[in-house]
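What follows is a short report on a single structure.
The values are calculated or read from the model by the stated rules, or taken from the named source; none is laboratory data. This structure is a prediction, so every number in the text was calculated from the model and none was measured. Because the Cβ atoms are built from the backbone with ideal geometry, glycine has one as well, and the counts that use them run over all protein chains shown.
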Amino acid sequence: MKRGSKQEPLCGYCSKPGHYRSSCPSLAQELLKAATKHASVDQLQTVLRKGQPLKLNVPPRRDRTLKRARGKRFPAPPRKNANVRKKKTRKVKAKKRNRDAERMRKPRAKKKELKKYTLKEVNLAWKNLRKTGWLQKPPSCGQCENRLIQCPLKDSVKRGAGRMYYRCSGCRKWYDALAFSALPILKLPLPLILAAMKRYFHGPSAESVESAATALGLSASAKTSALARLWMALRTAENRCMDARQNSRTLTGLNGFVVTFLVV
């Protein structure tokens, strides 16, 4: 073997066993003779004590290969602030995957400009809600206890687009028509409220707020939009009807036992 083995090394300079070229005493003596021709021994000792590399007038050794370097060939410069972490950038595949997942989601409702309803459409929607029992006849005024008078449709539409109002004959206070119903007071035209209620009661189960808002061009923010408040009021009315119907479904037997039929 050219260099021997770990147990029996062989020097490649003096061809003697027991050491390699990096620790050959013959090479060290010749190197010292050559170094003292350029610098004194004291200068060489000072450099060696400081641990500095001794530069000779010979070409430097070749750089490490990529396999032996292990990331030491180009060390990263020190950071100005070690506490600041480097921002992570998403890769191209992650961006594409997120875009594909975004397309698969349901389209969000986009608020559009409300349609301008005619007086005939508003009057027809108001009569329909009165006929079905959602809008009730208003009682007396809560402040002065005077009679409430229905405002002309032209005046009501000027105050709120597509809405109906009552006014007290004594204190002249305005009341929205939805204030005397199980529905919340919404800033929506009555034809649009009627169309939303038809979508809610269409089919065996209620439509989602997002789907109805997309079809009607309304906002679908949770618990704050007018459509979400209307959906919540309709669900509350359904629960009350179920409780009333359940309480009426009771039978009394001969021995006084009460049998209740559950509504599923």
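Observations, loosely collected:
- All positions within region 223-245 that are of a type in the set (K, R), in contact (Cβ under 8 Å) with a residue 24 or more places away in the chain and more than 18 Å from T132 (Cβ to Cβ): R229
- Test: residue in region 65-74 that is under 45 Å from the mean Cα position of the chain (by Cα), surrounded by 10 or more Cβ atoms within 10 Å (Cβ to Cβ) and modelled with pLDDT under 80: yes
- Single unsatisfied condition, R103 versus (1) part of a loop (DSSP other than H, G, I, E, B); (2) not assigned by TED's automatic domain parsing to the domain that holds S219: (1)
- For region 153-164, the condition holds for no residue, the condition being that it is closer than 17 Å to N123 by Cβ, part of a strand (DSSP E or B), out of contact with any His (no Cβ under 6 Å at 6 or more places or on another chain) and at pLDDT 85 or above.
- Scope region 141-152; condition of a type outside the set (K, R) and within 23 Å of N123 (Cα to Cα); matching residues: L148, I149, Q150, C151, P152
- The residues on offer are A212, A220, and the sole one that is in contact (Cβ under 8 Å) with a residue 40 or more places away in the chain, touching a Lys or Arg at 6+ places or on another chain (Cβ under 9 Å) and of a type in the set (G, A, S) is A220.
- Filter result for S219 (touching a helix residue (DSSP H, G or I) at 6+ places or on another chain (Cβ under 9 Å), under 18 Å from T236 (Cα atoms) and small (G, A, S)): no
Okay, residues lined up against (1) farther than 19 Å from L178 by Cβ; (2) exposed (fewer than 15 other Cβ atoms within 10 Å of the Cβ):
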position	(1), (2)
K112	yes, yes
Y117	no, no
V122	no, no
L135	no, no
P139	no, yes
R147	yes, yes
K158	no, yes
